[in-house]
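Have a look at the structure below before the remarks.
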């Protein structure tokens, strides 16, 4: 929501929210929404209409005039950071954190933009996000049931399992391939793929010919090794 | 290594006057890229071109491509993937530098979505919102991570999405060249004969659903599928530039012969006395 800040010299006298489809009146008389206590201001000096996402300032025939960014105006479409001067008072147009002024937003609607870092952080904090903007990645763990002891965190994007000594999980067995299988961490989850060798990996007892998506508590079997997958 | 049949088309669409998308099909290096440019005074096309050209040169080990300052090696990824990521960092740097040099290019940037095939697996990496899909055995799966305000918000709080207003529809959280550094997302995927991969700009994905894409690329060969996809997006308004790359894994050498290779391995192991 756009805001108007009334200032006199360096002092802030008040803040006013502009509500949609409503008008704000400005003047010396007490019946105005924004009262400017100065003889230089007319009784009903000006008004601001917030219609169709546009803030329109209109001078109501004031004696001393209304200025926007030091220019005399009769009516003016207000933009962010515009400074309205009436008598010795100023009104500054602002928008909230991360808020884009409607007109700008409308023209940018179909254009791709990159949010600047500050804006992004403000938005994420406002909505209770982690601030990094990234959802927490689900980690996964293999608990070995046989053929090996302990457990292992799946930390690589592609975990290689096979006879090759360079594998992340080395599995022995006559029919096990050099890289028998891989576990791949993808945006949609973890996938186990068969790569090579005579014996195919099994998930919950079923041989995997190509690749399958893994679910929590799946039992993976490759050669002599059997392990259970859990998410952390 | 695999044999990949590739095709790509970029179309200006029906509403825009210029095409800010760029794409690369490098069959020799098995490198495929879509970059969707934006910002600046029509400098989006400059940004997307710099991205594509820098990446291609870097992967070719062209000394003109230069070195990247970002030297952080990602231990969770293979050497091949790290090379691709280094290319992304370099391309980001190039766009950023170019934007700083020229007032008319200020604020320009681009998305990047790339697939690179190495011996056994492929690496998919992206920055921004250009999708990468894998079609495998009757399913279509995203290999990209959307770097948009809406997607990231959804991941954190699926119910809070209504809070996010329409104005963030096209708001990215990262892009190539808008900052000094960039953080790409990457994954490594085992590929199989018959797998199909699609890289596109949001001009396509905003108009054509993953299911439609799945149907079309499963029925038609890559070159024809590209045209059908672009035509479909144009029929549905075509209000942005539309780019599509379709790749089909025709054959995978060294694998598929798994049994034979295994037996040969065993015989070799037997004779070399490993057993």
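If we keep just the residues of the range B:185-201 that are within 7 Å of chain A (Cβ to nearest Cβ) and more than 15 Å from the chain's Cα centre (by Cα), which is farthest from residue A:181 (Cα to Cα)? Per the stated criteria, the residue is B:192. Looking at the range A:38-51, can you tell me whether even one residue there is within 20 Å of residue A:1 (Cβ to Cβ), surrounded by fewer than 19 Cβ atoms within 10 Å (Cβ to Cβ) and without any contact (Cβ under 8 Å) to a residue 24 or more places away in the chain? No, the range A:38-51 has no match at all.
Quick test for you: out of B:130, B:113, pick the one residue that is under 12 Å from the mean Cα position of the chain (by Cα), within 11 Å of another protein chain (Cβ to nearest Cβ) and surrounded by 17 or more Cβ atoms within 10 Å (Cβ to Cβ). Outline the logic, then answer.
Values: B:113 fails: within 11 Å of another protein chain (Cβ to nearest Cβ).
After ruling out the rest, the residue left standing is B:130.
Considering only residues in the range A:158-178 that are at the interface with chain B (Cβ under 7 Å from one of its Cβ atoms) and buried (at least 23 other Cβ atoms within 10 Å of the Cβ), the one that is nearest to residue B:190 (Cα to Cα) turns out to be A:158.
Taking the listed residues A:117, A:132, A:112, A:94, the one that is away from chain B (no Cβ under 12 Å), modelled with pLDDT under 95 and within 30 Å of residue A:1 (Cβ to Cβ) is A:94, with no other qualifying. All of B:67, B:101 fail the test of being loosely packed, with under 11 Cβ neighbours inside 10 Å and either touching a strand residue (DSSP E or B) at 6+ places or on another chain (Cβ under 7 Å) or without any contact (Cβ under 8 Å) to a residue 24 or more places away in the chain (or both), apart from B:101. Here the helices (runs of 4 or more DSSP H) wholly within the range B:193-275 that include at least 3 residues being at pLDDT 90 or above and over 19 Å from residue B:122 (Cβ atoms) are B:202-205, B:210-219, B:222-235. Quick check on this structure: which one of A:68, A:54 is free of Cβ contacts under 8 Å to residues at least 40 places away in the same chain and closer than 26 Å to residue A:96 by Cβ? Sole residue among the options that is free of Cβ contacts under 8 Å to residues at least 40 places away in the same chain and closer than 26 Å to residue A:96 by Cβ: A:68.
Do we have any residue at all in the range A:216-223 that's touching a strand residue (DSSP E or B) at 6+ places or on another chain (Cβ under 8 Å), under 22 Å from residue B:125 (Cα atoms) and surrounded by 15 or more Cβ atoms within 10 Å (Cβ to Cβ)? So far as the range A:216-223 goes, no, none of its residues is touching a strand residue (DSSP E or B) at 6+ places or on another chain (Cβ under 8 Å), under 22 Å from residue B:125 (Cα atoms) and surrounded by 15 or more Cβ atoms within 10 Å (Cβ to Cβ).
Tallying residues that are in a strand (DSSP E or B) and farther than 20 Å from residue A:71 by Cα within the range A:27-61 yields 4. Kindly evaluate residue A:122 against the criterion of being at pLDDT 60 or above, farther than 30 Å from residue A:27 by Cα and more than 11 Å from chain B (Cβ to nearest Cβ). It is true that residue A:122 is at pLDDT 60 or above, farther than 30 Å from residue A:27 by Cα and more than 11 Å from chain B (Cβ to nearest Cβ). When we screen B:10, B:81 for residues that are touching a residue at least 40 places away in the same chain (Cβ under 8 Å), within 13 Å of another protein chain (Cβ to nearest Cβ) and out of contact with any helix residue (DSSP H, G or I) (no Cβ under 8 Å at 6 or more places or on another chain), the only hit is B:81. If the condition is being at pLDDT 85 or above and either more than 8 Å from every other protein chain (Cβ to nearest Cβ) or out of contact with any strand residue (DSSP E or B) (no Cβ under 8 Å at 6 or more places or on another chain) (or both), then the range B:148-184 contributes B:148, B:176, B:177, B:179, B:180, B:181, B:182, B:183, B:184.
The values are calculated or read from the model by the stated rules, or taken from the named source; none is laboratory data. Predicted model, so just to flag it, every value in this text is computed and none were measured. Reconstructed Cβ throughout: ideal geometry from the backbone, glycine too, with neighbour counts over all protein chains shown.
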